[in-house]
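*Asks:* Have a look at the structure that comes next, please.
The values are calculated or read from the model by the stated rules, or taken from the named source; none is laboratory data. Note that the coordinates shown come from a computational prediction; the quantities given were computed from them, not determined experimentally. Cβ sites come from the backbone with ideal geometry, for glycine too, and all protein chains shown count toward neighbours.
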Amino acid sequence: MKTFLTTTALVALAFPAMAEIKIGASLSSTGPAAFLGDPELKTLEMLVEDLNAKGGINGEEIVLVAYDDNGDPNKARTFATRLVEDDEVVAIIGGTTTGTTMSILAVAEDAEIPFISLAGAIDIIQPVKPFTFKTPHTDRMACQKIFEDMQKAGITKIGMISGTDGFGASMQAQCKEVAPDYAIEILADETYDPKDADMTAQLTKIKGTEGVQAILNPGFGQGPSIVTRNYKQLAIDLPFYQSHGVASDGFIELAGADAAEGVRLPGTALLVADLLAADDPQKPVVDAYKAMFEEKTGTPVGTFGGYAHDAFLIMTDAITRAGSAEPAAIRDAIEATSGLAGTTGIYTFTPEDHLGLDLSAFRMLEIKGGKWTLVQ
Amino acid sequence: MRLTAKSATLLGLVVLIALAPLFFPSGFYYRVGALIFVNALAVTGIVILTGWAGQISLGHAGFAGIGAYACALAPVHWGIHPALAVLLGAAVSAILAWLVGRPILRLKGYYLAVASLGMGILISMVLNNERELTRGPDGIDVPDLGMRALLKAAGLDLSNGEFWYFFCGIALVIGAWLALNLHDSPTGRALRALHGSEIAARTVGIDVAKLKLQAFVISAIYASVSGSLLALQNKFITPDVAGFMHSVEMVTMAVLGGVGSVAGAIFGAAVLTLLPQVLTVFAEYEQLVLGLVMVLVMIFLREGVVPSILRKIRGRGE
């Protein structure tokens, strides 16, 4: 009986129903990572509805099975198991955070189901796992982009203030690793708890460190907004760099346009859709997503919804090209993706590269008068 | 022959664990079952501490964190087999519980709640911040227990879900059996006496501080083993396992099911593990439903669901 039931699950995976393609998602649409997971879920729901209205993929309807894992890796693993064993999906999108991604990854790899993650850490795709891909750039690339910009400005000595959450801690470690490549020396290295309400103590210490020429704040959520406000209050007169973790209009609102003036960070084309050149290969997809999302939800687009958009784009593109909803065929087709323009960058996957982006996917942005501008 | 409460609970548990898979529509339910057993094991420890000794701990997830990270770190750094790492985690948890509990439990009142709260938060902070060792908030891989391969070699080929379902099920039965034995032993009687009236217990010659400490250490071991099982099963663990919310979840499960009864602990763990799975469609209302259930239980079934219902049934029978 038991073996019969488990084999039915396997058989059903091998022969999906003809008229529909089931795609699973486990996102953190509530909980501490809700500001990431919520736009991701809304994006997926919107895109599925839109695609089905246009006739689906190869005449088959897309069914999205989405669960909310609260940002809890244990729950994410349970939902991933449910998607694979119970819902019998052909592919999974999700893992809003690195922790939830690592949980889903294990299940997806075991069941040999293609999985596209929406989380940042480099560990997800390095070493390359056969069925796992991801859409956001890695924090390592963000560090490189920032250091590249610093190098251009002749900055060689910096101070860092990082959050102790997953994002901040991971980026802090990556930045320290790549800093020597850009001849940058980290003179001060402070941290704060993401729930702290005041970071003036750490900033004062950095301010007082002899020789610091710029300050970098790898962080996520509300922390960087507070750091930015404290920065202004302490009247620190050094170039200030934030990470891609705060690349959304919410950051400017929370920090205040006044305090955020002059802050630089690596962001995606999505944030500066209006400023893109008419011949920019990302312009059509960025404009289309921005218009659709803003009309549907009434809220401005952010980088994170864009990650989900790109994951869905890569997935549907692969299923269309594969001409089949067989997990193994989808995986092979994803790996053959080449020059696909998404909102985050232009994706080209290979068997050795399951991220598919390079540094050109990041644009250096600066906040001027409460608006994003492109740094040339 | 009438069944004692102890054998009835154990027998019911064994039958339930053995027969439930016959009704599983897919392999996913093995995963849910295994999670219920892991949670129930930790909550059984809470029953011993809170239900019998009358002490409250708000930091039990810290012990689960120690158990979990022992399985993640000891095999990699010291070459200890994961199965032995479970014991190591339990030993470390027990020693820590003893160190924290010894000065605190000499005092009357609920000081343990505050001390354990602080301890839990400290453990969680260490796991989050000691990146060199624990790899920080993004979590760390846990080595394979290797039992499945062993069983396969012995001719018993179980899927991952099936294996962990039965493995955790057996662990829970053993845990429940030990707890029920303790309940009927002189120590158990002394514990309940001190819960009833600390002064009376002291008057009849019970070493109150020592007993409370024993209960705290035992319950820490339960939490630690539950954390280890979770880590080994997921093969991946993050510091969330030691988080404050996990501590609260354990206490909530115990209170919901009936904090004085092992059967209640298992029931509470089952309900609160299943609820998020049942409510996926109403994910936004999950917290609301959870709060409502707790309030209703507190008002109408003050001893928790299982003891209250048992009392009703017995009351009618007599």
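*Asks:* Tell me whether segment B:309-316 contains one or more residues that are surrounded by fewer than 18 Cβ atoms within 10 Å (Cβ to Cβ), under 21 Å from B:Asn39 (Cβ atoms) and without any contact (Cβ under 8 Å) to a residue 60 or more places away in the chain.
*Replies:* Scanning segment B:309-316, I find at least one residue that is surrounded by fewer than 18 Cβ atoms within 10 Å (Cβ to Cβ), under 21 Å from B:Asn39 (Cβ atoms) and without any contact (Cβ under 8 Å) to a residue 60 or more places away in the chain, so the answer is yes.
*Asks:* Go through (1) touching a residue at least 60 places away in the same chain (Cβ under 8 Å); (2) farther than 29 Å from A:Thr100 by Cβ for B:Leu229 and report which single condition fails.
*Replies:* Among (1) touching a residue at least 60 places away in the same chain (Cβ under 8 Å); (2) farther than 29 Å from A:Thr100 by Cβ, the lone unmet condition for B:Leu229 is (2).
*Asks:* Another question, if that's okay. Please enumerate the residues belonging to segment A:143-194 that are of a type in the set (Lys, Arg) and within 12 Å of another protein chain (Cβ to nearest Cβ).
*Replies:* A:Lys176
*Asks:* I would also like to ask the following. Which residues, counting only those in segment A:96-128, are part of a loop (DSSP other than H, G, I, E, B) and under 21 Å from A:Ala325 (Cβ atoms)?
*Replies:* A:Glu112, A:Ile113, A:Pro114
*Asks:* Kindly indicate whether A:Phe133 is in the same structural domain as A:Ile116 (by TED's automatic domain parsing), within 17 Å of the chain's Cα centre (by Cα) and within 23 Å of A:Leu270 (Cβ to Cβ).
*Replies:* For A:Phe133, the condition - in the same structural domain as A:Ile116 (by TED's automatic domain parsing), within 17 Å of the chain's Cα centre (by Cα) and within 23 Å of A:Leu270 (Cβ to Cβ) - is met.
*Asks:* When you scan segment B:120-129, do you find a residue that is part of a helix (DSSP H, G or I), without any contact (Cβ under 8 Å) to a residue 40 or more places away in the chain, out of contact with any strand residue (DSSP E or B) (no Cβ under 7 Å at 6 or more places or on another chain) and away from every other protein chain (no Cβ under 12 Å), even just one?
*Replies:* no
*Asks:* Looking at the structure I just gave you, is B:Leu145 outside any helix (DSSP H, G or I), in contact (Cβ under 8 Å) with a residue 60 or more places away in the chain and within 30 Å of A:Thr81 (Cα to Cα)?
*Replies:* Against the criterion (outside any helix (DSSP H, G or I), in contact (Cβ under 8 Å) with a residue 60 or more places away in the chain and within 30 Å of A:Thr81 (Cα to Cα)), B:Leu145 qualifies.
*Asks:* Could we say that B:Ser197 is under 21 Å from A:Arg77 (Cβ atoms), of a type outside the set (Lys, Arg) and away from chain A (no Cβ under 12 Å) here?
*Replies:* no
*Asks:* Specify which of the listed residues (B:Gly227, B:Gly304, B:Gly264) is closer than 30 Å to B:Thr4 by Cβ and under 13 Å from the mean Cα position of the chain (by Cα).
*Replies:* B:Gly264
*Asks:* Name every residue in segment B:21-57 that is under 16 Å from B:Ala263 (Cβ atoms) and within 14 Å of chain A (Cβ to nearest Cβ), in order of residue number.
*Replies:* B:Ile36, B:Phe37, B:Asn39, B:Ala42
*Asks:* On to the next question. Being farther than 16 Å from A:Gly31 by Cα, outside any helix (DSSP H, G or I) and out of contact with any Asp or Glu (no Cβ under 9 Å at 6 or more places or on another chain) is the filter here, so list the residues in segment A:58-95 that pass it.
*Replies:* Those that are farther than 16 Å from A:Gly31 by Cα, outside any helix (DSSP H, G or I) and out of contact with any Asp or Glu (no Cβ under 9 Å at 6 or more places or on another chain): A:Asn58, A:Gly59, A:Asp87, A:Glu88, A:Val89, A:Ala91, A:Ile92.
*Asks:* Take the conditions more than 14 Å from every other protein chain (Cβ to nearest Cβ), part of a helix (DSSP H, G or I) and more than 28 Å from B:Met147 (Cβ to Cβ) and apply them to B:Leu279. Does it pass?
*Replies:* So B:Leu279 does not fit the description; no.
*Asks:* Which residue, of B:Val306, B:Val271, B:Val251, is at pLDDT 80 or above, away from chain A (no Cβ under 14 Å) and over 20 Å from B:Val173 (Cβ atoms)?
*Replies:* Exactly one residue qualifies, and that residue is B:Val251.
Per-residue answers, yes or no, for (1) of a type in the set (Lys, Arg); (2) crowded, with 20+ Cβ neighbours inside 10 Å; (3) over 17 Å from B:Gln233 (Cα atoms):
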residue	(1), (2), (3)
B:Leu158	no, no, no
B:Glu162	no, yes, no
B:Thr187	no, no, yes
B:Ser197	no, no, yes
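*Asks:* If B:Arg102 passes every condition in (1) more than 14 Å from every other protein chain (Cβ to nearest Cβ); (2) without any contact (Cβ under 8 Å) to a residue 24 or more places away in the chain; (3) more than 27 Å from B:Leu16 (Cβ to Cβ); (4) not hydroxyl-bearing (Ser, Thr, Tyr) but one, which one does it miss?
*Replies:* In the conditions (1) more than 14 Å from every other protein chain (Cβ to nearest Cβ); (2) without any contact (Cβ under 8 Å) to a residue 24 or more places away in the chain; (3) more than 27 Å from B:Leu16 (Cβ to Cβ); (4) not hydroxyl-bearing (Ser, Thr, Tyr), B:Arg102 misses (2) alone.
Yes/no matrix, rows are residues, columns are (1) part of a helix (DSSP H, G or I); (2) at pLDDT 85 or above; (3) away from chain A (no Cβ under 14 Å):
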residue	(1), (2), (3)
B:Gly227	yes, yes, no
B:Met245	yes, no, no
B:Gly260	no, no, yes
B:Ala263	yes, yes, yes
B:Glu284	yes, no, no
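*Asks:* Go through segment A:159-218 and count every residue that is aliphatic (A, V, I, L, M), touching a residue at least 40 places away in the same chain (Cβ under 8 Å) and not in a helix (DSSP H, G or I).
*Replies:* Residues that pass the stated criteria total 6.
*Asks:* Still on this structure, I have one more. Could you tell me which numbered condition B:Pro75 fails, if it satisfies all but one of (1) within 25 Å of B:Leu133 (Cβ to Cβ); (2) modelled with pLDDT of 90 or more; (3) of a type outside the set (S, T, N, Q)?
*Replies:* Result: B:Pro75 passes all but (2).
*Asks:* Would you tally the residues in segment A:112-129 being within 10 Å of chain B (Cβ to nearest Cβ) and without any contact (Cβ under 8 Å) to a residue 40 or more places away in the chain?
*Replies:* 3
*Asks:* Would you mind finding the one in A:Asp317, A:Asp279 that is without any contact (Cβ under 8 Å) to a residue 40 or more places away in the chain and outside the structural domain of A:Glu112 (by TED's automatic domain parsing)?
*Replies:* A:Asp279
*Asks:* Right, something else. Any chance you could count how many residues in segment A:41-79 are more than 10 Å from chain B (Cβ to nearest Cβ), of a type outside the set (Asp, Glu) and over 22 Å from the mean Cα position of the chain (by Cα)?
*Replies:* Here the count works out to 11.
*Asks:* Select from segment B:130-142 the residues that are surrounded by fewer than 17 Cβ atoms within 10 Å (Cβ to Cβ) and either touching a residue at least 40 places away in the same chain (Cβ under 8 Å) or in contact with a His (Cβ under 9 Å, 6 or more places away or on another chain) (or both) and list them in ascending order.
*Replies:* Matches in segment B:130-142: B:Leu133, B:Asp141.
*Asks:* Please enumerate the residues belonging to segment B:11-49 that are of a type outside the set (Phe, Trp, Tyr) and part of a loop (DSSP other than H, G, I, E, B).
*Replies:* Passing the criteria: B:Pro25, B:Ser26, B:Gly27.
*Asks:* Say we look at segment B:286-308 and pick out the residues that are in a helix (DSSP H, G or I) and either at positive phi or small (Gly, Ala, Ser) (or both); which of these is surrounded by the most Cβ atoms within 10 Å (Cβ to Cβ)?
*Replies:* Only one residue tops the list, namely B:Ser308.
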